[in-house]
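Enquirer: My questions all concern the structure below.
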Amino acid sequence: MAGVILRIDAVSKSFLKRRILKNVSLSVEEGEILGLIGSSGSGKTTLLKSITGFYRPEAGDVRFRHFGLLKRKGAEKDPFVSVFSENSFAKTIFGFASQTPSFYENLTVRENMLYFGSLFGLKHKELESNTDILLTLMGLKSHQDNLAGKLSGGMQRRLDIACALIHDPAILILDEPTSDLDPTLRNHIWSLVKKINRRGTTVILASHHLSEVETFCSRIAIIKDGSVIDVDTPSKLKAKYAETQEISIQAYPGNYQSILARLKKKCGDIDTMDISSEGLVISSSDTKNVLHEVLHVLEKLDEELVDINVSKPGLDELFTQLNREDRGDAA
Amino acid sequence: MRFTSIIKKNFKLLLRSKSSAFILLAGPILIILIVGLFFNGKSAYDLSLGYCAPVPNDLTRSFISSLEKNGFVVYDFNNESSCTDKIKQGVIHTCILFPQDFKVSNDQSTELRFIVDYSRVNLVYKVIDAVSEIIEFETREVSYSLTNTLISRIDSTLSGLEKQEELEERISGLEVDISKDFDSLKSGVDSIDFSTGSVSLRSLRSKLGNSQDSLDDLIVKYGEFSEYSYEMLDELEGYLDSNKSDEIRAELDLMSQEVASLQNASLDDLNASLQELSDADERLTGLFERLQENERLADSVKKIVSRTEEHLSSFRDSLSSLSKGTSGMRERLEEIDITRAESIVSPVNTKIEPLMSESSNFQFAFPFLVILLVMFASLMISSTLIIFERSSRAVFRNFMTPIDRKMFISAHFLTVLLIVLLQSLLILLISYLAMKFALFSSILSVVAVIFVASVFFIALGLMIGFVFASQEGAMMASLVLGSTFLFISNLVVPLESISQGLAGIIRFNPFIIFSEFLRKALLFNLPLSDAVLELSILLLIALVILVPALLGRNVFHDAKRYWVKRKGKRPENKLRGNADKDWLDDL
Ligand SMILES: Nc1ncnc2c1ncn2[C@@H]1O[C@H](COP(=O)(O)OP(=O)(O)OP(=O)(O)O)[C@@H](O)[C@H]1O
Ligand SMILES: [Mg+2]
């Protein structure tokens, strides 16, 4: 980690009087992969677009490190400049692959890349070599002369990322890069992101797929209703939010009601107890004691233990917990 | 680099989309096709007309035959109603009704009636034009012959007058001769000195006796006298009785003989002679007396002569006033310079010649067709391109590049301008090669007009692209706008049949303005300097339309935002379906 590359200071954004982003502050470290998680409609896309200057927030500022590349009087005094005041320079810093791929469907893969590259003012040689490198990296070389609109969804996604990377941006922004893709393609995209990140590109991404974010991101920001409620490494987040463990039991004949009643009487430190279709689900911070009691109760009631499972919850569970009211929407 | 790559991309997009490629390629081809049809269809359409002549005569027949000669298909009808029926059915285009008694006379003006179907406005003017031209020609023929008679009458009168003048001259010449005769007669009569008769013969006789010399003298004197007497006699001839003069002459002759004989006679004889002389003296005295009688006669002659003279001079006066009158009349007649019947009937002879050898229809239509192409191509391609960009998935990525909106719009603008100019160039080239248009003599004006027209209509098209959300909407709007320009023009509906107010507006129809300029440039080599002002104004209007687009804001979006704020609704997603495309608003 070589310091902060992007600073988001108290950004607020409303659409038609509805506040979507509420005072969001966040720092992005150079070279990290920052994941944004949050339920649908929580404002992830809005945040990403505000970062790049696509939306202009009514309050707050987004400042990025210009690495001395900005040739302007007084620029050397402050290493950070505002995305909004240096809009066109900021655009060369960011590469953005949005939720829906953005390119010309009537141009071929290669034409798209060359076109967008040329808009960034790349010289012919650099443009050609960047295009070739990215085509190979994204595995699109064999499709380079196909019309972009005729590509499969996965290929379109890869082309979109390739277009976002054509000018070799310092920060790559991916808005749900793996949505509606099959698991193999998802893994492929993630490995690509890793590769890109290893080459020194900072990545900010938003996703619903929490397990993936958990494994690939160096830090995660949790967004709820337009506010960042926490930012940390995945393991720390888990430790913070996942103190309880879950015990699920399957028994025969399975008179869970009476088991439940007995357990309630016997032990005090059970957080929740539910009867699901698979059996009994108990969460508790004192797993050892609860397990003992459970086995005892089963013996008493003449129930035969069929299956027992003890687990620590992942971020998925954490996520559902956080957004209980949005349970239906969560992926 | 950036700019050209946007233009290159635009070309690819336009060519790869079926609908826009159609406009791009089919537009010029269609226009060329229409032009070709115009070019070939010179005689495809014949005008036919009917006529109804109750009593056909030579005059009607000559009208009809000249109509036929001029390429009309002419039908004969027995009565008016059957003729008008055929107009209603569309078989014939007009009906000419000859009057019962179609002839040219003094007491009535002959009237030809035309029945036309005004619902077929375009045709009517054509028919009336063509027919009336021929009828006019025929009428001219008639009045020509009438005038001719008139003029020949005047001519014969003039020559009669000339003859009369000749006569007058001859009379006046005669009169001068007569008056000269009178003058000499008068002076003759005046100069007769009757007093010579008082020569004293008696003293002469006494002297005679003195010498031979005096005899000789006498003889000479006598010779003089007799000569004089002869002269006088000669002069008096005509006034005296021929008997009398002869008598005198004979006596004079006798006397001369006697005098001559005297010369040779001796002095002796002289006395005898003297005796004889005194006889002669007596006789002479008698003669003298008779002569004095004659003097009185001469006086009366003189009186008669002077009276005659008076008559003569009054005759001369009236003769001169008469000749003055005729010469004035002749002068006035001669003052009429134009004496040819053709020049009186049609003082200004107009011969309508086509400017070039091709069909005038085509000449008229070609500039309109070129501007038509420029108009529709500009409107449709520019609006399509904007819609392409706006509805494209690439909007977001375009926004994420450091290219500002001005450059995008300029590149779009230039793309369409290039296409339209290329299309126009193609058409002009084909027209030049196929129809030998004098293109290069006015190439500057032609290019200027096409350029300004393109800029103008592209600006409008871009505006349409921004106002309408969907490609269908933009297409419809371009078509409606283009058609409106087209329909309120002279090309479809003749200006004559349009109400005054509307006709005033039509003058400001840019389509008309550009077409007129192009027509003048193509056909009449209009110099560029003549059109500079108007073209600059139109260019300025185009730029004014372009400004909001270039500045990244346009009035319509501002208006929409205002509306949204007031109503508190969110039409964006409803209109566009994709919030990403709002960058057009959010700039
Ligand atoms: N351009 C816009 N105009 C008005 N409202 C908007 C606009 N963009 C987003 N919103 C609203 O802001 C809220 C947040 O949207 P956003 O796209 O940021 O959510 P998200 O977290 O990305 O959701 P998802 O995971 O489904 O992509 C939504 O309620 C949406 O309706
Ligand atoms: Mg989103």
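The values are calculated or read from the model by the stated rules, or taken from the named source; none is laboratory data. Predicted model only: the values in this text are computed from it and were never measured. Reconstructed Cβ throughout: ideal geometry from the backbone, glycine too, with neighbour counts over all protein chains shown. Areas reflect the complete protein model, heavy atoms only, side chains present, ligands, DNA and RNA absent. Shrake-Rupley method; radii C 1.70, N 1.55, O 1.52, S 1.80 Å.
Enquirer: If B:Thr401 meets every condition in (1) in a helix (DSSP H, G or I); (2) within 14 Å of another protein chain (Cβ to nearest Cβ); (3) open to solvent by less than 10 Å² (accessible area, probe 1.4 Å) apart from one, which number is that one?
Expert: Result: B:Thr401 fails condition (1) only.
Enquirer: Now a separate question. (1) at pLDDT 70 or above; (2) not assigned by TED's automatic domain parsing to the domain that holds B:Phe517: which one isn't true of B:Val374, the others all being true?
Expert: It is condition (2) that B:Val374 fails.
Enquirer: I'd like to know if the range B:13-28 contains one or more residues that are hydrophobic (A, V, I, L, M, F, W, C), modelled with pLDDT of 80 or more, surrounded by fewer than 18 Cβ atoms within 10 Å (Cβ to Cβ) and over 16 Å from B:Ile135 (Cα atoms). Step through it out loud before you land on a result.
Expert: Taking the range B:13-28 and keeping what is hydrophobic (A, V, I, L, M, F, W, C), we get B:13-15, B:21-26.
Right, trim to modelled with pLDDT of 80 or more and you get B:13-15.
Checking the rest, the ones that are also surrounded by fewer than 18 Cβ atoms within 10 Å (Cβ to Cβ) come to B:15.
Applying the additional criterion that residues be over 16 Å from B:Ile135 (Cα atoms) yields B:15.
The answer is yes, given that some residue of the range B:13-28 is hydrophobic (A, V, I, L, M, F, W, C), modelled with pLDDT of 80 or more, surrounded by fewer than 18 Cβ atoms within 10 Å (Cβ to Cβ) and over 16 Å from B:Ile135 (Cα atoms).
Enquirer: Do we have any residue at all in the range A:131-142 that's small (Gly, Ala, Ser) and within 16 Å of ligand 2 (Cβ to nearest atom)? Reasoning before the result, please.
Expert: Initial filter on the range A:131-142 (small (Gly, Ala, Ser)): A:139, A:142.
Next cut, within 16 Å of ligand 2 (Cβ to nearest atom) only: none.
Taking every residue of the range A:131-142 in turn, none turns out to be small (Gly, Ala, Ser) and within 16 Å of ligand 2 (Cβ to nearest atom).
Enquirer: If A:Arg65 passes every condition in (1) touching a residue at least 60 places away in the same chain (Cβ under 8 Å); (2) open to solvent by 10 Å² or more (accessible area, probe 1.4 Å); (3) within 14 Å of chain B (Cβ to nearest Cβ); (4) not aliphatic (A, V, I, L, M) but one, which one does it miss?
Expert: All conditions pass for A:Arg65, except number (3).
Enquirer: What number of residues in the range A:17-41 are surrounded by 24 or more Cβ atoms within 10 Å (Cβ to Cβ) and within 10 Å of ligand 1 (Cβ to nearest atom)?
Expert: 4
Enquirer: Can I ask one more? Working only within the range B:1-11, note down all residues that are open to solvent by less than 60 Å² (accessible area, probe 1.4 Å) and within 7 Å of chain A (Cβ to nearest Cβ). Spell out how you get there, then give the answer.
Expert: Initial filter on the range B:1-11 (open to solvent by less than 60 Å² (accessible area, probe 1.4 Å)): B:5-7, B:9-11.
Within the range B:1-11, B:Ser5, B:Lys9 meet the criteria.
Enquirer: So which residues in the range B:408-453 are open to solvent by 60 Å² or more (accessible area, probe 1.4 Å) and among the polar types (S, T, N, Q)?
Expert: Within the range B:408-453, just B:Ser441 meets the criteria.
Enquirer: Can you tell me which residue in the range A:200-209 is nearest to the other protein chains (Cβ to nearest Cβ), limited to those that are within 16 Å of ligand 2 (Cβ to nearest atom) and open to solvent by 30 Å² or more (accessible area, probe 1.4 Å)?
Expert: Here is the first cut: in the range A:200-209, the ones within 16 Å of ligand 2 (Cβ to nearest atom) are A:204-209.
Narrowing further to those that are open to solvent by 30 Å² or more (accessible area, probe 1.4 Å): A:208-209.
On the way: A:His208: 19, A:His209: 22 Å.
My answer is A:His208.
Enquirer: Does A:Asn197 satisfy being within 14 Å of chain B (Cβ to nearest Cβ) and either open to solvent by 10 Å² or more (accessible area, probe 1.4 Å) or away from ligand 1 (no atom under 16 Å from the Cβ) (or both)? Spell out the reasoning first.
Expert: On the way: within 14 Å of chain B (Cβ to nearest Cβ): no; either open to solvent by 10 Å² or more (accessible area, probe 1.4 Å) or away from ligand 1 (no atom under 16 Å from the Cβ) (or both): yes.
Taking the combined requirement at face value, the residue does not satisfy it.
Enquirer: State which residue is farthest from the other protein chains (Cβ to nearest Cβ) when the search covers only the range A:210-225 and only residues that are open to solvent by 50 Å² or more (accessible area, probe 1.4 Å) and within 15 Å of ligand 2 (Cβ to nearest atom).
Expert: Top of the filtered list is A:Lys224.
Enquirer: Can you spot a residue in the range A:272-283 that is more than 30 Å from A:Val24 (Cα to Cα), surrounded by 15 or more Cβ atoms within 10 Å (Cβ to Cβ), in contact with a helix residue (DSSP H, G or I) (Cβ under 8 Å, 6 or more places away or on another chain) and touching a residue at least 60 places away in the same chain (Cβ under 8 Å)?
Expert: At the first step, the residues of the range A:272-283 found to be more than 30 Å from A:Val24 (Cα to Cα) are A:272-283.
The next check asks that each one be surrounded by 15 or more Cβ atoms within 10 Å (Cβ to Cβ); those that pass are A:273, A:279-283.
Remaining after also requiring in contact with a helix residue (DSSP H, G or I) (Cβ under 8 Å, 6 or more places away or on another chain): A:273, A:279-280, A:282.
Checking which are touching a residue at least 60 places away in the same chain (Cβ under 8 Å) leaves us with none.
No: zero hits.
Enquirer: What is the number of the single condition among (1) touching a residue at least 40 places away in the same chain (Cβ under 8 Å); (2) open to solvent by 40 Å² or more (accessible area, probe 1.4 Å) that A:Pro79 does not meet?
Expert: (1)
Enquirer: Test A:Ser39 against the stated conditions and say whether it is modelled with pLDDT of 90 or more and either away from ligand 2 (no atom under 16 Å from the Cβ) or away from chain B (no Cβ under 14 Å) (or both).
Expert: Answer is no for this residue.
Enquirer: Kindly list the number of the only condition in (1) surrounded by fewer than 17 Cβ atoms within 10 Å (Cβ to Cβ); (2) within 33 Å of the chain's Cα centre (by Cα); (3) at pLDDT below 70 that fails for B:Phe39.
Expert: (1)
Enquirer: Could you list all residues from the range A:294-303 that are surrounded by 17 or more Cβ atoms within 10 Å (Cβ to Cβ) and part of a helix (DSSP H, G or I)? Walk me through it before giving the result.
Expert: In the first step, residues of the range A:294-303 are kept if they are surrounded by 17 or more Cβ atoms within 10 Å (Cβ to Cβ); the result is A:294, A:297-298, A:303.
Answer for the range A:294-303, where residues must be surrounded by 17 or more Cβ atoms within 10 Å (Cβ to Cβ) and part of a helix (DSSP H, G or I): A:Val294, A:Val297, A:Leu298.
Enquirer: For A:Leu185, all conditions in the list (1) within 16 Å of ligand 1 (Cβ to nearest atom); (2) surrounded by fewer than 20 Cβ atoms within 10 Å (Cβ to Cβ); (3) not in a strand (DSSP E or B) hold save one; what is the number of the exception?
Expert: It fails just one condition, (1).
Enquirer: Among all residue pairs at least 6 apart or on different chains, which show Cβ distances below 9 Å where the first residue, located in the range A:14-27, is of a type in the set (Ser, Thr, Tyr) and the second is within 10 Å of ligand 1 (Cβ to nearest atom)?
Expert: Here the result reads A:Ser14/A:Ile20; A:Ser14/A:Leu21, each pair linking the range A:14-27 to a residue that is within 10 Å of ligand 1 (Cβ to nearest atom).
Enquirer: A further question on this structure: What residue, among those in the range B:471-492 that are at pLDDT 80 or above and among the small types (Gly, Ala, Ser), is most open to solvent (accessible area, probe 1.4 Å)?
Expert: Taking the range B:471-492 and keeping what is at pLDDT 80 or above, we get B:472-486.
So of that shortlist, the ones also among the small types (Gly, Ala, Ser) come out as B:473-474, B:477-478, B:482-483.
Values: B:Gly473: 20, B:Ala474: 2, B:Ala477: 19, B:Ser478: 0, B:Gly482: 0, B:Ser483: 35 Å².
Ranking the qualifying residues of the range B:471-492, first place goes to B:Ser483.
Enquirer: Here is a follow-up. Which condition from (1) in a helix (DSSP H, G or I); (2) at pLDDT 70 or above; (3) surrounded by fewer than 15 Cβ atoms within 10 Å (Cβ to Cβ) is the one that B:Arg519 breaks?
Expert: Condition (3) is where B:Arg519 drops out.
Enquirer: Name the residue that is most open to solvent (accessible area, probe 1.4 Å), counting only residues in the range A:91-145 that are at the interface with another protein chain (Cβ under 8 Å from one of its Cβ atoms), part of a loop (DSSP other than H, G, I, E, B) and more than 21 Å from B:Ala411 (Cα to Cα).
Expert: A:Thr100
Enquirer: Which residues, taken from the range A:146-182, are within 16 Å of ligand 1 (Cβ to nearest atom) and either open to solvent by 30 Å² or more (accessible area, probe 1.4 Å) or closer than 25 Å to A:Gly200 by Cβ (or both)? It would help to see each step written out before you state the result.
Expert: Going residue by residue through the range A:146-182, those that are within 16 Å of ligand 1 (Cβ to nearest atom) are A:157, A:160, A:173-181.
Those that are within 16 Å of ligand 1 (Cβ to nearest atom) and either open to solvent by 30 Å² or more (accessible area, probe 1.4 Å) or closer than 25 Å to A:Gly200 by Cβ (or both): A:Arg157, A:Asp160, A:Ile173, A:Leu174, A:Asp175, A:Glu176, A:Pro177, A:Thr178, A:Asp180.
Enquirer: Does B:Phe456 satisfy being open to solvent by 20 Å² or more (accessible area, probe 1.4 Å) and at pLDDT 85 or above? Even if it seems obvious, please write down each step before you answer.
Expert: Working: open to solvent by 20 Å² or more (accessible area, probe 1.4 Å): no; at pLDDT 85 or above: yes.
So B:Phe456 does not fit the description; no.
Enquirer: Let me ask you something else. Considering the range A:42-54 alone, what residues qualify as being within 12 Å of ligand 2 (Cβ to nearest atom) and of a type outside the set (A, V, I, L, M)? Explain how you work it out, then say what you get.
Expert: So in the range A:42-54, the residues within 12 Å of ligand 2 (Cβ to nearest atom) come out as A:42-49.
Across the range A:42-54, the qualifying residues are A:Ser42, A:Gly43, A:Lys44, A:Thr45, A:Thr46, A:Lys49.
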